[in-house]
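Asker: One structure follows; several queries about it will come next.
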Amino acid sequence: MGPLLNRSFLLPMLIISCLGVSRCTKDETPTLFDMVYVFNLDMPAALNTVQTHFVELNKIPTQIESILADHQLTVADIGRIEPYNGQLEVVLAPADLDYFQEIFVELIDTPNRWECFYTPNVPLNTGNRVVLVGTLADFKPWLTQSAMNLRMGFRLRQPSPSALSFTLRLTFKAKA
């Protein structure tokens, strides 16, 4: 009866231990607010596939002062600002964006560039929207200034079929 009692005691303890471990979650830093930037871009027709093409967006207001005032915070309350996600979407056209090979967005602080969002291989069946993934870098030093400079770069699989208008949407998360 001793070994049977030990087994009946060990099995529930093992189950409780497993449940306890599986319920442990990573302690994530809370998000204080989102910083969302939306840009309208135009791309001419017949861009080549040989070079990387760039669109520069200079002196973009970060609006950090009004965001902090709205949330009753100071710059010192922010631990880091991380790129979260981005989207490039065709405006008013049913175009398929599978002719894009690669898309990336960099923050520029002359002479340095830091990649914030990227899509290294745009899927062939992407439709009219491409999702960009945020990097793990901290952009607090630049996004807590009054303005920033961004550059979107892209390479094409085939020449662009026609001139198109796009909306680029970038979301950063400010964390405590």
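Asker: Mind checking which residues of segment 51-79 are touching a residue at least 40 places away in the same chain (Cβ under 8 Å), farther than 24 Å from residue 167 by Cα and β-branched (Val, Ile, Thr)?
Answerer: 75, 78 - these are the residues of segment 51-79 that are touching a residue at least 40 places away in the same chain (Cβ under 8 Å), farther than 24 Å from residue 167 by Cα and β-branched (Val, Ile, Thr).
Asker: What number of residues within segment 31-50 are touching a residue at least 40 places away in the same chain (Cβ under 8 Å) and in a loop (DSSP other than H, G, I, E, B)?
Answerer: Residues in segment 31-50 being touching a residue at least 40 places away in the same chain (Cβ under 8 Å) and in a loop (DSSP other than H, G, I, E, B): 6 in total.
Asker: Another one. State whether one or more residues within segment 112-132 are aliphatic (A, V, I, L, M), surrounded by fewer than 15 Cβ atoms within 10 Å (Cβ to Cβ), under 18 Å from the mean Cα position of the chain (by Cα) and assigned to a strand (DSSP E or B).
Answerer: no
Asker: Follow-up question, since we're still on this one. Which members of segment 146-176 meet the condition of being part of a strand (DSSP E or B) and either among the hydrophobic types (A, V, I, L, M, F, W, C) or crowded, with 21+ Cβ neighbours inside 10 Å (or both)?
Answerer: Across segment 146-176, the qualifying residues are 147, 148, 150, 152, 154, 156, 164, 166, 168, 170, 172, 174.
Table: residues versus (1) of a type outside the set (Asp, Glu); (2) out of contact with any helix residue (DSSP H, G or I) (no Cβ under 6 Å at 6 or more places or on another chain).
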site	(1), (2)
115	no, yes
124	yes, yes
138	no, yes
144	yes, no
152	yes, yes
162	yes, yes
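Asker: Also, I was wondering about something else. Specify the residue that is nearest to the chain's Cα centre (by Cα); the eligible residues are those in segment 90-111 that are over 19 Å from residue 52 (Cα atoms) and surrounded by 15 or more Cβ atoms within 10 Å (Cβ to Cβ).
Answerer: 90
Values quoted throughout were computed directly from the atomic coordinates according to the rules given, and no laboratory measurement underlies them. Remember, predicted model here, so these are calculated numbers, not experimental data. Quick reminder, even Gly has a Cβ in these numbers, built from the backbone with ideal geometry, and neighbours come from all protein chains shown.
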